[in-house]
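Asks: Just dropping this structure here.
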Amino acid sequence: MIRFSDVSKRFPNGTVAVRDLDLEIAAGSFTVFVGPSGGGKTTAMRMINRMVTPTSGTVFVDDRDVRDVDAVRLRRGMGYVIQSGGLLPHRTVVDNVATVPVLEGTSRRSARRAALDVLARVGLDPVLAGRYPAQLSGGQQQRVGVARALAADPPILLMDEPFSAVDPVVRDELQREMRRLQSELRKTIVFVTHDIDEAVTLGDRIAVFGPAGTLEQYDDPQTLLASPATDFVADFVGRDRGYRGLSFRDASAVPLHDVRTAPASDISSLELDAGDWVLVVDDRRRPRGWIDATGVAATRAGATVEEATAAGGSLFTPSSHGRHADLRQALDAAISSPSGVGVAVDEDGAVLGGVRASEVVAQLAEQRRAEDRTRALDAPRKG
Ligand SMILES: Nc1ncnc2c1ncn2[C@@H]1O[C@H](COP(=O)(O)OP(=O)(O)OP(=O)(O)O)[C@@H](O)[C@H]1O
Ligand SMILES: [Mg+2]
């Protein structure tokens, strides 16, 4: 759908922002440009919608040289999202979203109606539609920015560091939302970030730009992490690489063991040794937190169970509707749990069992051994 053919950009001041770029972006894919500051990511993206013109080489969209397409028409087919949403401050949320359709001749009324639908789609409460951007949180503004880019239903979405100004928790939410949207809408998305974690979370394909405007590697996330093509990429993705690789491994086969549970009503009568932990559950066996001997003693001295329990760690759902948890989630559950036991729950949130960090690591080793065996069996056949 989008193709860079031997594209370079040298700015009049002599800076070469993009060097000999060859890249093909398939329709419906989520492609992330990642790399250090000044690596040419934004410049490369802006050549897609002709905000920047290449010094040499050609950018094709739908097999047409973008120079041969009227810039206004070209951009109509591309939503553009930037940091902090880039909203018009003197227009309400709904009118911000309706801007482009109105410019294109849609009546204000039907553009507003459509805007409300898109706002719902990106997870915004309709009561926010009448507010001005300054009356929204950063995360909400960012969602409006995405809604505005989607309003004219363009096949291509260009997103330049859209989530870098929001805090990590909100960013996680927005990333999840983005994945969900993409599975519904199947746009061709080009997304710029300097955060390799964000790239791995979002991208089907990742283009790593080096410091001098060169493309260092273009691969799916798993290949990128497992086999960096250059020293630069190895270094760039290197930090936490093993840990990140866990997110590509299925956790549904991790053996779960029984977890000692008790309802809140039974807590004060428990006899626990030092080092024992019990998982407090509600009437539907959903985890409410962990308690140890000290906590039990506190309840006998008058504390409520809620006050005496330690907040639980993260939970994971080994398998739900054909989707599997990954080993990173399982490990995170174990190491974030005060008892050292990560809690697995079913689709309804009820406790299935527990797993320790060492068991997750053992599962990793088991999967690697199985892969080695498969490779050994394959090798002679490939000759
Ligand atoms: N209009 C311009 N004139 C001159 N140099 C420019 C211009 N725009 C960008 N550059 C330079 O081109 C290089 C690449 O810039 P670009 O904005 O594409 O990088 P980036 O990878 O998006 O960086 P960041 O992660 O900081 O956003 C930088 O050295 C930058 O200073
Ligand atoms: Mg940039």
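Where a number appears in this text, it was derived from the coordinates with a stated rule and is not lab data. This one's a predicted model, so the numbers in the text were calculated from it and none came from an experiment. Don't worry about glycine lacking a Cβ; one is built from the backbone with ideal geometry, like all the others, and counts go over all protein chains shown.
Asks: From the phi of every residue in the range 193-208, what ³J(HN,Hα) in whole Hz does the Karplus formula 6.51 cos²θ - 1.76 cosθ + 1.60 yield, where θ is phi - 60° and glycine or proline is x?
Replies: 8, 10, 9, 5, 5, 4, 4, 5, 5, 9, x, 7, 9, 10, 9, 8
Asks: Let me ask you something else. Along Cα→Cβ, 7 Å out, is where each label goes; now give me the distance between the ones at Asp273 and Glu184 in nm to one decimal.
Replies: 5.3 nm
Asks: How large is the dipole of the chain about the Cα centre if only Lys and Arg carry +1 and Asp and Glu carry -1, each at its Cβ, rounded to the nearest 20 debye?
Replies: The calculated dipole for the chain is roughly 1500 debye.
Asks: For the chain, what is the mean residue ellipticity at 222 nm derived from helices alone (per DSSP H run of n ≥ 4: -39500 (n - 2.57); sum divided by total residues; nearest 500 deg cm²/dmol)?
Replies: Helix-only estimate at 222 nm: -11000 deg cm²/dmol.
Asks: Shifting gears a bit: Pop a pseudo-label 7 angstrom from the Cα along the beta-carbon direction at both Ala120 and Ala253 and give the gap in nm to one decimal.
Replies: Simple spin-label model gives 4.3 nm for this pair.
Asks: Another question, then. Pop out the ³J(HN,Hα) list for the range 122-137 in order, Karplus 6.51 cos²θ - 1.76 cosθ + 1.60 with θ = phi - 60°, rounded to Hz; leave Gly and Pro as x.
Replies: So the J values, rounded to whole Hz, are 8, x, 9, 5, x, 5, 7, 4, x, 7, 9, x, 5, 8, 10, 6.
Asks: What's the FRET efficiency of Ser84 with Ile335 using the Cβ-Cβ distance as r and R₀ = 41 Å, to the nearest 0.05?
Replies: Calculated value: 0.75.
Asks: Using a 10 Å cut-off on Cβ atoms, rank the peptides 176-182, 103-109 from the highest mean neighbour count down.
Replies: Sorting 176-182, 103-109 by mean packing, highest first, produces 176-182, 103-109.
Asks: In percent, how large is the relative contact order of the range 292-365, given Cα pairs closer than 8 Å and 6 or more residues apart?
Replies: Relative contact order comes out at 24 percent.
Asks: Within a Cβ distance under 10 Å of Ala251, other residues only, what is the Lys/Arg minus Asp/Glu net charge?
Replies: Overall, the nearby charge balance is 0.
Asks: OK, next. Could you tell me which of Ala379, Gly57, Ala330 has its Cα farthest along the dipole of the chain towards the positive end, charges placed at Cβ (Lys, Arg +1; Asp, Glu -1), taken about the Cα centre?
Replies: Gly57
Asks: If you don't mind, there's one more thing I want to ask. When all alpha-carbon pairs of the chain are counted, what percent fall beyond 33 Å?
Replies: Result: 47 percent of Cα pairs exceed 33 Å.
Asks: Based on the mean of other beta carbon atoms within 10 Å per residue, what is the order of 298-305, 191-198, most packed first?
Replies: Final packing ranking: 191-198, 298-305.
Asks: Given H placed 1.01 Å from N in the peptide plane, which residues other than close sequence neighbours of Gly353 have an amide H under 5 Å from its amide H?
Replies: Ala344
Asks: May I pose another question? Amide H of Asp326 versus every other amide H placed in the peptide plane: which residues, excluding those fewer than 5 positions away on the same chain, fall under 5 Å?
Replies: Residues meeting the criterion, in which the H sits 1.01 Å from N, are Ala251.
Asks: Specify which residue in the list Val66, Tyr80, Gln135 is farthest towards the positive end of the charge dipole of the range 2-245, using unit charges on the beta carbon of Lys, Arg (+1) and Asp, Glu (-1), about the Cα centre.
Replies: Gln135
Asks: So for the pair Arg368, Ser227, with labels modelled 7 Å out along Cα→Cβ, what separation do we get in nm?
Replies: According to this spin-label approximation, the distance is 1.8 nm.
Asks: I need the peptides 9-17, 203-211 ranked by packing, meaning the mean over residues of other C-beta atoms within 10 angstrom, with the highest value on top.
Replies: For the peptides 9-17, 203-211, the packing ranking is 203-211, 9-17.
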